[in-house]
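Structure, as structure tokens:
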Amino acid sequence: MMAYVPKRGDIVWLDFNLQTGREQEGRRPALVITPDVYNGKTQLMVCCPIKSKVKGYPFEVLLPSEFPVKGVILADQVKSLDWARRRAEFKAQVPDKVLSETLQKLAALLSFED
């Protein structure tokens, strides 16, 4: 039986250890950025961690108050992780507006518009 494969827009819980410096650590939620076709073939996914404390930084994307996962998506801490080894578990699917805002902030950070 095929295990869960994360897809773009999913919120998953996974292990962010080992970390260094200002990187997020521990078992925490993250927003999946890459599509399931890529994730399934490589067992990697590109994601943005989510933290519970809102600080108002420009690259934070606020999750809706009624959403089951609370906090902000950190679009400037994008990572490529092995989701299978880090035991990714599906928790929710973000609204299209949240995914779009995250992708826009990521595009601005990486200068995709140029």
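Could you tell me which residue of region 59-114 is nearest to Pro29 (Cα to Cα), considering only residues that are of a type in the set (Phe, Trp, Tyr) and modelled with pLDDT of 95 or more? I'd like the intermediate steps shown before the answer.
Residues of region 59-114 of a type in the set (Phe, Trp, Tyr): 59, 67, 83, 90, 112.
Next cut, modelled with pLDDT of 95 or more only: 59, 90.
Details: Phe59: 17, Phe90: 9 Å.
So the residue we want is Phe90.
Of everything in region 73-86 that's assigned to a helix (DSSP H, G or I) and of a type outside the set (S, T, N, Q), which residue is nearest to the chain's Cα centre (by Cα)?
In the first step, residues of region 73-86 are kept if they are assigned to a helix (DSSP H, G or I); the result is 75-77.
Next, from what is left, pick out any that are of a type outside the set (S, T, N, Q): 75-76.
On the way: Ala75: 8, Asp76: 11 Å.
Restricting to residues being assigned to a helix (DSSP H, G or I) and of a type outside the set (S, T, N, Q), the top hit is Ala75.
Inside region 94-114, can you point out the residues that are more than 11 Å from the chain's Cα centre (by Cα) and not in a helix (DSSP H, G or I)? Explain how you work it out, then say what you get.
Quick first cut of region 94-114, residues more than 11 Å from the chain's Cα centre (by Cα) only: 95-98, 100-101, 104-114.
Matches in region 94-114: Pro95, Leu110, Ser111, Phe112, Glu113, Asp114.
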Please pick out the residue among Lys91, Lys70, Lys55 that is part of a strand (DSSP E or B) and out of contact with any helix residue (DSSP H, G or I) (no Cβ under 8 Å at 6 or more places or on another chain). Lys91
I need the full set of residues from region 51-71 which are free of Cβ contacts under 8 Å to residues at least 40 places away in the same chain, within 19 Å of Leu106 (Cβ to Cβ) and small (Gly, Ala, Ser), in order please. Gly56
If you go through Leu74, Leu44, Leu14, the only one that is surrounded by 13 or more Cβ atoms within 10 Å (Cβ to Cβ), at negative phi and free of Cβ contacts under 8 Å to residues at least 40 places away in the same chain is Leu44
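The values are calculated or read from the model by the stated rules, or taken from the named source; none is laboratory data. Note that the structure is a prediction, hence the values are computed from the model and not measured. FYI the Cβ positions are ideal-geometry reconstructions off the backbone, even for glycines, and counts take in every protein chain you see.
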